[in-house]
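Notes to accompany the following structure.
Quick note: the coordinates plus some simple rules give every number you see, no bench work behind them. Since the model is a prediction, treat every value here as computed from it, not as a measurement. Counting neighbours? That spans all protein chains shown, and the Cβs are built from the backbone with ideal geometry, glycine included.
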Amino acid sequence: LSDPSTGKSTVVQGLDAVPADTRPTTHEVNIVHLAWDVMVGLGTLLFLLAVWYAASWIFRRRMPQSRLFLWAASAAGVLAVVTMEAGWIVTEVGRQPWIVYEKMRVEDAATANHGVVITFFAVCVLYVGLAIALVMVLRAMSRRFRRGGGFTDVDAPYGPSAPLDEATDAKATDEKAPDEKAPVP
Amino acid sequence: MSTTIAIVLLLAVTAYVIFGGADFGAGLWDLVAGGPQTGERPRAVIEHGIGPVWEANHVWLIFIFVITWTAFPEGFAAITLTMFVPLTLAALGIVFRGAGFAFRKAVVRTKYKRWFGGAFALSSLLVPFCFGAIAGGIASEQIPAGGKAGDPVSSWLNPTSIVVGVLGVILVAHLAAVYLVRVAHREGDLEMVSYFRVRALGSGLLVVVVGVIGAFILHAKASYFFDGLTSRAAPLLVLAVLAGAASLTLLWWGALRGGRLAAAVAVAALVFTGMVAQWPYMLPQTLKYSEAAAPNGTLITILVATGLAAALVLPGFALLYVLDQRDLLEEEGVADIGDELPPAYVDESN
């Protein structure tokens with residue numbers, strides 16, 4: 001291997017260059033490997049999805065019409081989070097056993113206090129509770145919204161700022177797709 | 001160099017107490033405002049008063065943490081190691097508070113408003129107490145240095161911590177009441193003006209009472225801090241007392257604007273007093289600021305970064321506060337159809 005900017009060859013370090021007590025375990029290596037594959041694989045697929053949309057927009061002036069694209073687009077939100085989490089696993093497991101490379105090990109940096117487990121569970125409970133409350137509040141807002149008659153005002157949050165009937169059309173069909181008109185609520 | 005950073009830290013703590021502290025105090029008045037009927041108008045004033053600024057004010061807390069752990073890592077490690085219980089409680093309280101405040105606006109039924117309002121108000125009580133208790137624990141020398149943890153309970157539940165925690169709660173409540181007088185005045189709600197003025201005067205007198213009790217406890221339990229209080233920090237303490245007296249007098253006379261300024265000066269002077277009283281120690285008689293400080297290169301970098309951040313952030317803050325004071329900000333959130341439904345529907349669960 002050589003660095004194109006200098007032309008000098010790079011020395012590839014083998015695992016035997018690392019002292020045995022600072023090597024990651026096989027288990028950790030496997031986790032990093034898998035997480036890396038997930039991160040790069042999903043990241044590439046998400047990128048290709050964007051390319052698909054861009055190509056369709058450039059050549060046909062409309063979003064892709066296929067069902068596959070819609071499924072992929074719906075999944076993209078969750079997959080983006082999965083990709084991000086996989087990336088975190090790569091960094092955090094990949095750094096083991098160091099918290100600061102060659103300066104400080106994770107076990108030396110960790111607090112000596114015993115209550116950390118309690119904190120961990122308290123934070124988990126708090127955020128699960130917040131997530132449940134958030135979903136319930138959003139659902140209640142949506143119910144009230146529909147019971148109140150849906151869009152009564154063009155000034156809906158993040159909604160299109162067009163007159164009512166046009167706005168409903170535009171919302172239901174998004175881009176120029178006249179044959180996919182959704183039923184008006 | 002470490003002195004300069006310590007002053008930056010002091011200014012940040014002062015800003016957090018004056019601006020953020022008042023938000024916690026407002027939550028306290030929300031807690032004691034009474035049932036849904038009697039409490040409706042004070043709560044509306046509170047919501048209106050802190051709605052536009054309460055998230056922005058937490059910038060100061062984050063700034064304080066970042067400065068402490070980058071500039072004084074030894075001190076930060078010692079404080080967090082010993083004080084992790086109140087720090088965790090404060091962190092959970094801040095999350096609860098924000099969520100409760102935000103969700104309360106989004107629900108219409110009284111039952112749910114009560115739940116979320118309760119979360120908001122109770123954590124408004126918890127957080128200033130925890131921060132005060134930490135300050136009291138530091139002043140009364142409960143925190144060992146050098147990577148050893150102090151007692152996780154008695155380090156922040158001892159007489160000094162408790163009295164400083166209680167003082168913190170009452171102080172922010174007083175500050176909030178003084179500000180809310182002004183908010184109510186701006187809204188032209190004269191009844192609420194006198195409502196909060198009574199509370200501002202009452203809590204101001206309570207600050208004096210708790211302060212005097214605190215002085216005795218500090219004398220007994222925090223000798224280095226108390227010595228500082230009567231020597232190094234004495235002029236600042238006098239300033240705090242004078243400004244506090246001026247604030248209460250002006251409020252009594254109905255000079256709301258001057259009263260608010262004097263109250264802020266009094267509280268700022270009190271924060272300065274606390275820090276100067278234990279100078280040059282970050283942890284009295286254990287760790288000096290100069291000993292806890294990071295290497296000079298780090299400190300210079302932090303100073304430059306602080307200058308840049310100030311240049312970027314302070315104009316935004318100034319604009320936010322000016323717009324808020326002139327009532328030019330929209331209410332948080334979006335008007336909701338549910339808000340206009342008849343009360344019969346809203347209260348169907350009760």
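Run the helix sum for chain B: -39,500 (n - 2.57) per DSSP H stretch of 4+ residues, divided by residue count, reported at 222 nm to the nearest 500 deg cm²/dmol.
Details: 15 runs with 260 residues, N = 350.
About -25000 deg cm²/dmol.
If packing is taken as the average number of other Cβ atoms within 10 Å across a peptide's residues, how do B:95-108, B:16-29 rank, most packed first? Numbers along the way, then the final one.
Working: B:95-108: 20.4, B:16-29: 25.7.
Put in order of decreasing packing, that is B:16-29, B:95-108.
Whole-percent P(r), the range B:179-323, all Cα pairs, 10 Å bins from 0: 10, 26, 28, 25, 10, 1.
In summary, the convex hull built on the alpha carbon positions of the range B:44-146 has an orientation-averaged projected area of 7.2 nm².
Provide the packing ranking of A:8-18, B:143-153, i.e. peptides ordered by the mean count of other C-beta atoms within 10 Å per residue, highest first. Intermediate values should be presented prior to the final figure.
Working: A:8-18: 8.5, B:143-153: 15.5.
Ranking the peptides A:8-18, B:143-153 by packing returns B:143-153, A:8-18.
For chain B, what class follows from the C-alpha gyration tensor (a ≥ b ≥ c being the square roots of its eigenvalues): rounded when a/c is under 1.5, otherwise prolate if a/b is larger than b/c, else oblate? List each step's numbers first, then the result.
Details: a/c = 1.72, a/b = 1.59, b/c = 1.08.
Cα axes put chain B in the prolate bin.
Taking θ as phi - 60° and the Karplus parameters 6.51, -1.76 and 1.60, the scalar couplings of the range B:237-251 work out to 4, 4, 4, 4, 5, 4, 5, x, 4, 4, 4, 5, 5, 5, 5 Hz in sequence order, x denoting glycine and proline.
Could you tell me the calculated FRET efficiency between B:ALA310 and B:VAL238, based on Cβ-Cβ distance and R0 = 35 angstrom, to the nearest 0.05? All intermediate terms of the calculation are to be shown ahead of the outcome.
Numbers: r = 30 Å, r/R0 = 0.85.
Here the calculated transfer efficiency is 0.75.
Ranking A:ILE132, B:LEU81, B:LEU229 by how far each Cα lies toward the positive end of the dipole of the protein assembly as shown (charges on Cβ) leaves B:LEU229 at the top. Taking the protein assembly as shown as the region of interest, the number of lysine pairs whose Cα atoms are within less than 24 Å, with members eight or more places apart or on different chains, is 6.
Order by neighbour count: A:TRP71, B:TRP60, B:TRP69, fewest other Cβ atoms within 10 Å first, most last.
On the way: A:TRP71 10, B:TRP60 21, B:TRP69 15.
Placing the least packed residue first, the sequence is A:TRP71, B:TRP69, B:TRP60.
Each principal axis of the Cα cloud of the range B:96-253 was taken in turn, and the coordinate range along them, longest first, works out to 51, 40, 20 Å. Relative to the longest principal axis of the Cα atoms of chain B, helix B:296-325 runs at roughly 20 degrees. The angle between the Cα long axis of helix B:59-71 and the main principal axis of chain B comes to about 20°, on a 0 to 90 degree scale. The packing ranking, built from the mean of other Cβ atoms within 10 Å per residue, places the peptides B:209-221, B:32-44 in the order B:209-221, B:32-44, highest first.
Shape annotation for the protein assembly as shown: C-alpha extents along the principal axes are 78, 74, 42 Å, from largest to smallest.
Determine the shape class of the range A:1-145: with a ≥ b ≥ c the square roots of the Cα gyration tensor eigenvalues, call it rounded for a/c under 1.5, and otherwise prolate if a/b is greater than b/c, oblate otherwise.
Working: a/c = 3.46, a/b = 1.22, b/c = 2.84.
In terms of gyration-tensor shape, oblate.
With an a/c value of 1.5 or above and a/b not larger than b/c for the gyration tensor axes a ≥ b ≥ c computed over the alpha-carbon atoms, the range B:49-93 is described as oblate.
In this structure the amide hydrogen of A:ILE99, modeled in the peptide plane, comes within under 5 Å of the amide hydrogens of A:MET104, A:ARG105, A:VAL106, none closer than 5 places in sequence on its chain. For chain B, the longest principal axis of the Cα atoms and the long axis of helix B:159-186 meet at an angle of about 40 degrees.
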